[in-house]
Amino acid sequence: MTHNIQKDALLAVMNQAHDRFKADTGGRNADYIPFLANVPSQLFGIAACLPDGEVVAVGDTDYRFGIESVSKVPTAILAMEQYSAGEVLDRIGADATGLPFNSIMAILLENDHPSTPLVNAGAISACSMIKPTGDADKKWKAITDFIEGLCGSKVEVIDELYKSESDTNFNNRSIAWLLKNYNRIYDDPEMSLDLYTRQCSIGITARQLAIMAGTISFGGMNPTTGKQVFKSHLTPHIASLMATVGFYENTGDWLFTTGVPAKSGVGGGIMGVVPGVVGIAAFAPPLDKAGNSVKAQKALKYIAAQLGLNIFAPAETTVPKAAKA
Ligand code: GLU
């Protein structure tokens, strides 16, 4: 993609999306993690980050919500940065299983066949790979430092969410031990599970998520801090992982309609990357049956169509509608 987006056109389209979908009452907050059930359902924010570091924001973009599965993206990049993309491909893989994100069946069926760092099994495996192995505190610091580098500001765990997840993550505990059984975990399983649970409990704002998306879109260069956070050749690898499995079982539908690699989380956040063009994020807690935020999906779909963000489209059809109008 080569086209530039003008800030004013972007803001106008984001405002339209917010106006159109703010009254939408579809979906329900995630309730299998008790903390998430109680987040105010009407919150709705959209933010985007441009190559010059300008961040455009509409609605509730400073509310800290649970990053949840979106955290799988930075840890996957960090594992690739610390080892190599090839090693992550060998040890974890890049294939969607076609089964739910937290499926134990997928591990049993494909025990000799890796999956992807963007589902629970692969994410726990990625946490186990993070260096320095054997040292939980240093591994956690490596993960949080990396996330802070990506979004250019501090992040903290939401303690209540962490407790809520830790008290109820029996399925993930089974995943961690099953992976151990198949030699697909590379550090202590309980420690790897705890790192995964903690990273999912990080509080993040839509504004921070947009900057993270921007840093990924712009080849690892955080446009708000000017720092190179990871090697630029990793952007296509992480974008392809997001495109493959970012929306749980609805990933194909999402990619087919938008052409934007994105990752959602059950906290209601979605982060989309359009390499070289824009990083974009939206947040609204109520989810559809697959676990994706209803309003955030609608908003991003609308914005992507209006601005011609489909990465698969030939150049002519990517001319932004808003620019033509
Ligand atoms: N911590 C959640 C879990 O492992 C994350 C789920 C998600 O956002 O997909 O179930």
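Read-outs throughout are calculated quantities, based only on the coordinates presented, and are distinct from any laboratory measurement. In this text, all values refer to a predicted model and were calculated from it rather than measured experimentally. Glycine also receives a Cβ, built like all others from the backbone with ideal geometry; neighbour counts cover every protein chain displayed.
Grab the Cα-Cα distance for ASP112 and ASP188, subtract it from 0.36 nm times how many residues apart they are, and report the gain in nm with one decimal.
Value of the extension gain: 25.4 nm.
Could you tell me which of THR258, GLY246, PRO286 has its Cα farthest along the dipole of the range 211-325 towards the positive end, charges placed at Cβ (Lys, Arg +1; Asp, Glu -1), taken about the Cα centre?
PRO286
Could you line up TRP177, TRP140, TRP254 from fewest to most neighbouring Cβ atoms inside 10 Å?
Listed from fewest to most nearby Cβ atoms, that is TRP177, TRP140, TRP254.
How many angstrom separate the Cα center of the range 136-166 from the Cα center of the range 55-82?
11 Å
So what's the back-of-envelope 222 nm ellipticity for the chain, counting only DSSP H runs of four-plus at -39500 (n - 2.57) apiece and dividing by all residues, rounded to 500?
Rounded to the nearest 500, it is -14000 deg cm²/dmol.
Sticking with the crude label model, points 7 Å out along Cα→Cβ, report the distance from LEU99 to PHE312 in nm, one decimal please.
Distance between label points: 2.6 nm.
Ranked highest first by average number of other Cβ atoms within 10 Å, how do 113-124, 23-34, 165-176 line up?
The packing order, highest mean first, is 113-124, 165-176, 23-34.
For the chain, build the charge dipole from Cβ charges (+1 Lys, Arg; -1 Asp, Glu) around the Cα centre, then report which of GLY308, PRO34, PHE146 sits farthest towards its positive end.
The one lying farthest along the dipole's positive direction is GLY308.
Please label the shape of the range 19-84 as rounded, prolate or oblate, based on the square roots a ≥ b ≥ c of the eigenvalues of the alpha-carbon gyration tensor (a/c under 1.5 means rounded; beyond that, a/b larger than b/c means prolate, else oblate).
Verdict is oblate for the range 19-84.
Please list, by residue number, everything in the range 285-299 whose backbone N is under 17 Å from a paramagnetic label point 7 Å out along Cα→Cβ of THR25.
285-288, 294-295
Just list whichever of LYS131/LYS180; LYS131/LYS298; LYS72/LYS227; LYS7/LYS298 have alpha carbons separated by over 27 Å in the model shown.
Violating the 27 Å Cα-Cα cut-off are LYS131/LYS298.
Once you've got the Cα coordinates, tell me which of LYS138/LYS231; LYS22/LYS289; LYS231/LYS301 are over 23 Å apart.
Over 23 Å Cα-Cα: LYS231/LYS301.
Starting from the amide H of LEU287, placed 1.01 Å from N in the peptide plane, find each other amide H under 5 Å away whose residue is 5 or more places distant or on another chain.
ARG28, ASN29, ALA30, VAL294
Placing +1 at every Lys and Arg Cβ and -1 at every Asp and Glu Cβ, with all other atoms neutral, what dipole size does the chain have around its Cα centre, in debye to the nearest 20?
The calculation lands at about 560 debye.
When Lys and Arg each count +1 and Asp and Glu each count -1, what net charge do the other residues less than 13 Å away from PRO189, Cβ to Cβ, add up to?
Its environment carries a net charge of -1.
How tilted is helix 7-21 with respect to the longest principal axis of the chain? Cα atoms for both, answer in degrees (0 to 90, nearest 10).
In the chain, helix 7-21 runs at an angle near 70 degrees to the longest axis.
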